[in-house]
Each structure stands twice: as C-alpha cells, then as structure tokens.
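Taken together, the values in this text are just the output of simple stated rules run on the coordinates, not laboratory data. Treat the numbers as computed from the prediction; the structure is a model and nothing was measured. Virtual Cβ from ideal backbone geometry, glycine too; neighbours counted across all protein chains shown.
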Amino acid sequence: MTADLLPLGVVPDLGVVPTKMLAQVIRASRFGEPTDAFAEEALAIPTLGPRDVLVYVMAAGVNYNNVWAAMGIPIDVIKTRNKKGEPEDFHVGGSDASGVVWAVGKDVTNVAVGDDVVVHCGMWEPDDPHVLAGKDPMFAPTQRIWGYESNWGSFAQYCKVQDHQCLPKPAHLTWEQAASYMLVAATAYRMLHGWSGNTLQAGDPVLIWGGAGGLGSMAIQIARAAGARPVAVVSGDSKTDFCKQLGAVGVIDRRKFDHWGKLPRWSDDIEYNLWLKGARAFGAAFWEALGEKKNPAIVFEHPGETTLPTSCFMCETGGMVVICAGTTGYNATLDLRYHWMRQKRLQGSHFANDAQCKGANDLVIAGKVDPCLARTFPFAETGACHQLMRDNQHPSGNMAILVNSPRPGLRTLDDVRGAQ
Ligand code: NAP
C-alpha cells in the first residue's frame, strides 16, 4: 500500500511514490526576508509528463535566485507563473539537487529508476521549434530556470524535472556536496567557455569578481583547469587564502578602493578624474596580483552596477566582460570611448545548455573542480541559510540543505537506508 506522507529520512521502496511530500514553501503572503518567507507544508506530489522525471531528493543546493523568490523581487515568481496558466498559488524553489530517480515518464530513455543523479536547472519545452532546430536552448522562448521560474524545485522530498536535466552524480561526492555546485559551475562554464571569439585560453589573465562566492569559486577552478591565470577579487582577509587554494594566482581586496558605483558624467572633469584615478589604481593592483603588466582577457562579472565601469575600463583590447547578474544594481554605465576604440565585448550570459552542464559536471567527476561545500543545513533551516546569503554573511564557497539524506557524509541510497 502506498503511504500518504513519509517523514524525512524514511525511505519508501524504490519506485514507490507516496501521495504527498514535505516541502519548504514560499507564498505571496510571506514575501519578505527569507527567514519568514519559507514554511514547511505537505503538498501533493506532482504528476509527470512523458519526458519528466521524479527525483527523490537527498540534498538541495542553495542559490541566490531563491533569495529573490522569497522577497518577490525583481519579479513575483508565483504571479508570473499564474499568468502563464499554471494554477499553483505557491512556490517550491530549489535549483540544485542530488538524489535518486524514483519515477519516469513514458518517453524517458536517458535515465532509469534507481539512478543516482545531479540535476541542472535549465528547462525548455522539448517541442519548442527553436530547440528542435538544434539551436542553443538557452535562447529558446520556452527556456526557464527550474526551481525559480518553474515550480517543483529541490526544497521538497521529491522534485519534478525534465529528463535532459539529469546528469550522473559524481560517485566520490556525498549527497550534500553533489547538490551544491551545478548551478554555479555550469553558469561559470558557459561564461568562460561559451562565447566564441572570447573563450578561455591557456595563459589568459582573467579577473573574477566575488572569487570566494558560489560563482567565483567555480570560475577560479574552471579557469585553472584550462591553464588560464585567474585573479580573484574579495572583501576580507580570510577569503584570500581560500581563493589561492582554489588556484587564483593573485587576490585583490576590494575594500582598499573607493571609486565604486556608477560613472560620473564624462564632462565633469573633477569627478571623472577622481574616478579614473581609482580605476587605474585598481588596474595596477590587478597587474601586481598577476605578476605581469597585462589586462584581463576575460572579466567575470556579476556584482553589476558598482563594478561594471571598472570591469569595462580594465578589460584587454579585444577582450570580453561577461556578466550574468547585477547583484548591486542593474543600471550599467561604461565609458564608450574605451569600449569602441579598444573593441571590447560586453556579453550577457545566463545559466547553460546541456553540453555546458555536462562540461562542468565532467570537470567535477574528474576531480578538477571541487564543489567547495562550506556548510550543510537541515531542511528546517532552508529560510535561515537563504537569509545568510541575503546578508552576505554566508561562508566562502557553496551551501547545501539535507532533504531526505538524514546526515552529512552519505553517498548512496544504501547509505541512507542504513542510517534509518
Ligand atoms: P555569492 O556566493 O553571494 O557570491 C557573490 C560575491 O559577490 C560575494 O561573495 C561578494 O564577495 C561579492 N560582492 C558582493 N557585493 C559586492 C560588491 N559591492 N562589489 C563587488 N563584489 C561584491 O553569490 P553567487 O552564487 O556567486 O551569485 C552572484 C550573483 O549571480 C547573484 O546575484 C546570483 O543571483 C547571480 N547568478 C546568476 C546566474 C545566471 O545564470 N544568470 C547564475 C548564478 C548566479 P566579496 O564580498 O568577497 O567581494
């Protein structure tokens, strides 16, 4: 007989799906600080379409996108989905998961019940003409980020994903390590390897903002794996060693500079020259950290408003500033004189396609990229760990949440059954 609802850590027989599951749920009435926005609720387990997979979630990764979802900023993810015809008046977030395939739709062929998987968060409709034409699905009109723009993410006992989102779990990793890296690693992989004409080359100097953060810690390792020379930017002494251990050839402490923010007007000589002095000093710090007077061929951007003028200024002639976020604000300013005369590229980038996710996962499987799991939280602290992230108080590297895995250190379904 199928159980209604099983407590966390009580594992049903392989492939037996209960009718309900526990989830950490965001509702519009709770939008605000993450600590208040998430609450545990029992929900019906979603039904599967022909190309869908139900994953028994062992652990979930923590990302900035569900800080935004919790706050309802910059969009109300629930209302946005309702407008598209999805009926649920709640959000089950979570864009990173490790777990075991528990059920599959009738047309799924790439995974089977019992497979250990990690899940990437790129979704698109399989019958989207753009996807069927073989074009990059990240440009497809139906592309969405699972567990942020879609419902049924990993902050629940079961998550619903599309078949192509499943990749093999690196066997050497624990469930919580395996859940912690895919979103940031694949995003960084596309940023550094995805933009033809400006892809990472051996020997390239690369500037990486937020080197001790989720994206930054992956970017340093991906750059090193390609033989490039990453210089990381951080705030705080403790983060310097962390970045060097990952392979940064040098580290800059951004607290030593104060020229941040939007550019002053070009015609305001006094203010502009002050800014220029700050930007040049930062450029000199980059050369010192690199050990050579060379500018970055790629600038790995995500803070946005406060740092973009500096990134665009110091990028090498013909180089690329590649940006996937605007954590400090969205109004980008840059001095176009340097941009066109030195023929630089400002490239937007967003998550990754299947091949890029596989590229990132293969680096993890090969031991060339470590997930940098810094801290693991119990399921009940889903809101608390997102709050740490919102307050920039989270540890260097990545964080994970135990869902069905009862304690850290377990690697297989048998381990979890043994721990019951
Ligand atoms: P994270 O772990 O919080 O790291 C961000 C880092 O940015 C922090 O460690 C911090 O490092 C640095 N930072 C904060 N304020 C800064 C400022 N004023 N100037 C310079 N650096 C600053 O977050 P994450 O997971 O790396 O994500 C970063 C952003 O990228 C978020 O907005 C996230 O939503 C976005 N993102 C987008 C995608 C996509 O596909 N589009 C994918 C992943 C993440 P220091 O204080 O040490 O400098």
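A few notes on this one:
- Alpha-carbon centroid distance for the pair region 265-309 / region 170-249, whole angstrom: 21 Å
- Region 60-67 - phi-based ³J(HN,Hα) in whole Hz, Karplus 6.51/-1.76/1.60, Gly and Pro as x: 10, x, 10, 9, 5, 4, 7, 5
- Between R337 and T80, full extension at 0.36 nm per residue minus the direct alpha carbon distance yields a gain of 88.6 nm.
- Calculated from backbone phi, Karplus (6.51, -1.76, 1.60) coupling profile of region 399-411 in Hz, x at Gly/Pro: 10, 9, 10, 6, 10, 7, 6, x, 7, x, x, 8, 10
- Neighbours of A352, meaning other residues whose beta-carbon lies under 11 angstrom from its beta-carbon, give a summed charge of 0 when Lys and Arg score +1 and Asp and Glu score -1.
- Within-12-Å neighbourhood charge of W146 [Cβ basis; K, R +1; D, E -1]: -1
- Short-range pairs are left out: with C-alpha atoms under 8 Å and at least six residues apart, the relative contact order of the chain is 19 percent.
- Sparse-neighbourhood loop sites, chymotrypsin sites (Phe, Trp or Tyr not before Pro) in region 288-359 - DSSP loop, at most 11 other Cβ within 10 angstrom: Y330
- Angle of helix 354-365 to the longest C-alpha principal axis of the chain, folded into 0 to 90 degrees and rounded to 10: 90°.
- Euclidean distance of C-alpha centroids, region 353-411 and region 133-152, integer Å: 22 Å
- Toward the positive end of the charge dipole of region 185-348, with +1 on the Cβ of Lys and Arg and -1 on the Cβ of Asp and Glu, the farthest Cα among G247, T317, A226 is that of A226.
- Counting only DSSP beta bridges whose two residues both lie in the chain, roughly 60 percent are antiparallel.
- Net charge of neighbours whose Cβ lies under 14 Å from the Cβ of A103, counting Lys and Arg as +1 and Asp and Glu as -1: -2
- Across K135/K358; K84/K358; K83/K169, pairs whose alpha-carbon gap is larger than 28 Å: K84/K358; K83/K169
- Basic side chains Lys and Arg get +1 at the Cβ, acidic Asp and Glu get -1 at the Cβ, and with that the dipole of the chain about its Cα centre reaches some 1020 debye.
- Lysines whose Cα lies under 16 Å from that of K244, excluding same-chain neighbours fewer than 8 positions away: K368
- Loop-located trypsin sites (Lys or Arg not before Pro) in region 22-85 (DSSP state not H, G, I, E or B) with no more than 14 neighbouring Cβ atoms inside 10 Å: R27, K84.
- Mean residue ellipticity (222 nm) of the chain, computed from DSSP H runs ≥ 4 via -39,500 (n - 2.57), nearest 500: -8000 deg cm²/dmol
- Cross-link partners of K20 among lysines (Cα-Cα below 17 Å; sequence separation of 8 or more within a chain): K160
- Anchor K262: lysines whose Cα lies under 29 Å away (excluding residues fewer than 8 positions away in-chain): K239, K277, K293, K294, K344
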